Structure formats: C-alpha cells, structure tokens
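Notes follow the structure.
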C-alpha cells in the first residue's frame, strides 16, 4: 500500500492499536485476520470501520468517496456481521455472508473486508467452519474480529489472528470529552468513572435514561441497606429495573419492526415475502432480547459498583470512589458498615447478572438477590 505512517482514525488514544495497524498499512502488507480485543466502548468498531475504509480505498480514483461510503455502510465490498442470537453467533451468520462470500472476487475494490462483532459468541461449530477462511483466505480478503472478552474466544480462532489490544480509556479523557459536549463537570466526572473506561457507557449514563437507570440500581442498594427491602418497596425493589429493561426491549423490537414495514412495502407479495416477514419477526425478537439483557446487565453492574463504593468508604479510602456525585450520600450510608460484607454484596450482584445470561427466571433471580442482599448488609454493625 505504501501509505505514509499517518495515524489511523480512532487509534489516537490506543497506542497498541495505533502501532500495529499503522505499521501494517504503511508496509503495504496488512494482516488478513485481525482480532480487536478490549473492553466495550474503547473504539473497536470505529477503528474497524476506519481500517476497512483504508483497505478498500487503496488504488481507487476517489478514495475519499470510498471512505464516505464505508462510513455509511454502503460499500459492496464491506460485510459487517453481528450475531443474530441473543448470546451466540449462528452458523447462518457466517456461512453465506462470510465463508462463501470470501471465495468470490471483490465487486469494485481490490479487496473484500469482513468485520464480525462478538467473536466470543462463536461456538465450536461456527469456529470450525471459519478456520479455513481465517487460515487460508484469498489474497484479497481481510477479516476483522471484534470481542469484548478475548478469554471467551476459542483458542483456534485466536491463534489464526493478529491480536490488536484496545485499553480502557482513562476516566479523565472521557470526562473531558463529556464536558466538551456540554455535560456539567461533577456529573461528567462521575459518569466517566462509572463507565470503567467505556466511553459509550459514560455518554449513556449522562442521558436522562441513564440517570433513571442509576436510580433504579441505587433503589435496590438503598432497600438492601435498610434491611426491610421487601416490605419497604412492596417486596420488589428491583421492579423499576425490570420495567426499564422491558421498555428498552420493546423499543428496540419496535424499531426493527418499523424498518421491516418500510422494507416490506417494496417486496412483492408471494412466498418470498412471507419468508422475509418471518425473518424480520425473528430479528425484532432478537433485538428486543438483546436490548433487555443490556439494560439488566448494566443495572446490576451499577448496583454492584454502588456496593463497591460503599466498601471503599467503609475501608477509609474515599479517593477511589467512582460515583463522586453521590459522595455525601454514600459516606452517610457507609458509616458503621462491614466492608467485607459490602464486597460480598458486589459478588452477589455479579453472580445474578451472570445467571441472567443463561435464561433463568428474572423475577425469581432478582427476588433471591434482594433477600440475600438484605440479609448480608441490612443493618450497620
């Protein structure tokens, strides 16, 4: 490619990614398979799109036009795959869109680029089908796998890719970006800390919906600390969290359904139309489930982080509190508490969060969590 060593867009704050990807582009020999790994919200998607743009723009008479089309997802030689299962990538996600397509020459560029999100959701069957494409791709093929949890990616897949690490973004950097967007300083600082390096999460937490989710999570914590959580809130201090997850799921499913309606208006009536309708119905259900899961995951994680802050205060280390905009309230609540029990409460929240990933009954799991937390931290020692 013989590009100058210009910094690839999105890697400015990611030194490892900047080094690996810039060197590959400058040498004219980028890897045929990359594995972008690191926490969510660290820019992996944006960098994958920027990399795809550079790869597809090579040799084109209008490289900026190619970059614009890639940015809008309209370039025919870029395929972007997201797992269609709530927690798993399906064979159908890769069989035709990636494995079969990777054997066909590009439509108009000199390369084809395939980006697959959620590499950790590949099961053995999907991974085995992908191995040959990863190991011996056509010369024009480049594959970029994205994962938030490299430990969950099957080793045979990892070994066939060049790893590219994305580190959590510093809280100060995220907070500065939020302030530049108009967020008040104290709120920006707290949301940046609570994001754990995830800029997307920080931005969500500054929104009205994010603030409401924090309140739902803190309701669960406050009720547990009072020791009479079940009676004080009708036995269901988690109800607001679950209702918020239901609402988010319904909106996500509705957005897919609306898009389906627009698309179906262009489809002729007949057997094929029925198949498209069924496909969109399933897509709407999957979108709803994913959205619900995301809200429940974040809500329980925020509850755990609140207990974590209380434990820090009980241990006498206020400088590491994350929710700095709640410092006064947290300090009062931490007085006389057993830090060990508060740390155990963090573990109970995380256990429940993980249990929801295996389709346990949510009402029962959240009720059980409430009872355990009340017994664990229900009154100062």
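The values are calculated or read from the model by the stated rules, or taken from the named source; none is laboratory data. Because the structure is predicted, anything quoted here is derived from the model rather than measured. Note that each Cβ is placed from the backbone with ideal geometry, even for glycine, and that neighbours are counted across all protein chains shown.
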*Of the criteria (1) under 24 Å from residue 44 (Cα atoms); (2) part of a helix (DSSP H, G or I); (3) in contact (Cβ under 8 Å) with a residue 40 or more places away in the chain, which one residue 192 fails*: (3)
*Quick check: is even one residue across region 9-18 in contact (Cβ under 8 Å) with a residue 40 or more places away in the chain, assigned to a helix (DSSP H, G or I) and touching a strand residue (DSSP E or B) at 6+ places or on another chain (Cβ under 8 Å)?*
yes
_Enumeration of residues in region 67-87 that are buried (at least 17 other Cβ atoms within 10 Å of the Cβ) and either more than 25 Å from residue 285 (Cα to Cα) or not assigned by TED's automatic domain parsing to the domain that holds residue 97 (or both)_ = 67, 69, 70, 75, 77, 78
_Within region 29-39, does at least one residue satisfy the condition of being part of a helix (DSSP H, G or I) and within 16 Å of residue 143 (Cβ to Cβ)?_
no
*asked:* If residue 200 satisfies all but one of (1) more than 27 Å from residue 15 (Cβ to Cβ); (2) in a helix (DSSP H, G or I); (3) at pLDDT below 95, what's the number of the condition it fails?
replied: (1)
*List pairs: first in region 351-373 and over 20 Å from residue 291 (Cα atoms) and in the same structural domain as residue 290 (by TED's automatic domain parsing), second modelled with pLDDT under 90 and surrounded by fewer than 17 Cβ atoms within 10 Å (Cβ to Cβ), Cβ under 7 Å, 6+ apart or cross-chain?*
370/230
*Out of (1) farther than 29 Å from residue 118 by Cβ; (2) under 27 Å from the mean Cα position of the chain (by Cα); (3) at pLDDT below 90, what's the single condition that is false for residue 293?*
(1)
_The listed residue being outside the structural domain of residue 109 (by TED's automatic domain parsing), crowded, with 19+ Cβ neighbours inside 10 Å and at pLDDT below 95, out of 25, 8_ = 8
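Every residue, every condition in (1) within 19 Å of the chain's Cα centre (by Cα); (2) assigned to a helix (DSSP H, G or I); (3) within 18 Å of residue 222 (Cβ to Cβ); (4) at pLDDT 95 or above, yes or no:
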residue: 282; (1), (2), (3), (4): no, yes, no, no
residue: 288; (1), (2), (3), (4): yes, yes, no, no
residue: 297; (1), (2), (3), (4): yes, yes, no, no
residue: 308; (1), (2), (3), (4): no, yes, yes, yes
